[in-house]
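Comments concern the structure below.
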Amino acid sequence: MFLFWPKNIQRLPSSPHGAWLNPGKADERYLGAIFSNVKVQQGDSFVRPSAGGGGLGDPLERSPEDVLEDVIDEYVSIERAKKDYGVVIKEIDKDLDLFEIDFEATEQARSYIRNNRKQWLEENIQTVEDKFANGELDSLDVIRQYGAIIDYATNKVLPESTKQIGLLEVT
C-alpha cells in the first residue's frame, strides 16, 4: 500500500500498539496503550510491541536487495517482505544468513500489489473487520493494505480513527 499522508509524506504505515496480558493463551487480554490496576497472577506475561517507523517512499520502489538485508537482519519477516514490499525471498539456510530473491516472483508480486492497492483501500470497512475476525487478514494487513484501524480489545474496526488516519490519495 502506498499512501500519501498529510504534506505528501510517502510511507508504509506502522501499526497502533499497546500491551497484551498473556498473549497466545486462553486468557489473553488486550490492555491498550495506557492501563493501570491490572491484577496479575504468577505465570502471567506481558507483551508490548513497539511499532517501528513506516519508512519513506513507495515500498514497491525499495530495492529487493535492501529488503533482503532487512530480512537477514530480522527487521522484516519473509512473509511481510512479500506482502508489504512485494519481494519474494526464499530461505536457504537461516543460520548461515543464506537467502535468495526470486526476481520473477517479485515482479509478479509487485504488479499484483500495484494493481490492487487502491481497491483494498476502498474495501467496505465491515468486510475488512470480518476478514480480520475470520483470520484472513492479520493486524498488519488491516492497516497496511486496507488502511483501517482495529480496536484490539474488541477486534472491531474503529471507523472514526480510520477516517482520521489522514489518507489523501492513493497511487
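Only the coordinates and a few stated rules stand behind these numbers; no lab work does. Model, not experiment: these values are computed from the prediction. Here the Cβ is made from the backbone with ideal geometry for all residues, glycine too, and neighbour counts use every protein chain on show.
Overview of results
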item: Built amide H within the under 5 Å cut-off of GLY32, gap 5+; result: ALA19
item: Residues with amide H under 5 Å from that of VAL87, placed H, sequence gap 5 or more; result: LYS82
item: Positive dipole terminus of the range 87-137, leading residue within ASN116, VAL88, ILE101 (C-beta point charges); result: ASN116
item: Cα gyration tensor shape of the range 74-171, rounded if a/c is under 1.5, else prolate or oblate by comparing a/b with b/c; result: prolate
item: Shape call, the range 77-132: gyration tensor on alpha carbons, a/c limit 1.5; result: oblate
item: Nonlocal amide H pairs with ILE150, under 5 Å, H built at 1.01 Å; result: LEU158
item: Linear extension gain, GLU107 paired with ALA133, 0.36 nm per residue minus alpha-carbon span; result: 6.3 nm
item: C-alpha center-to-center spacing [the range 93-111, the range 122-149] in angstrom; result: 26 Å
item: Cβ charges +1 (Lys, Arg) and -1 (Asp, Glu), total dipole of the range 27-171, debye; result: 740 debye
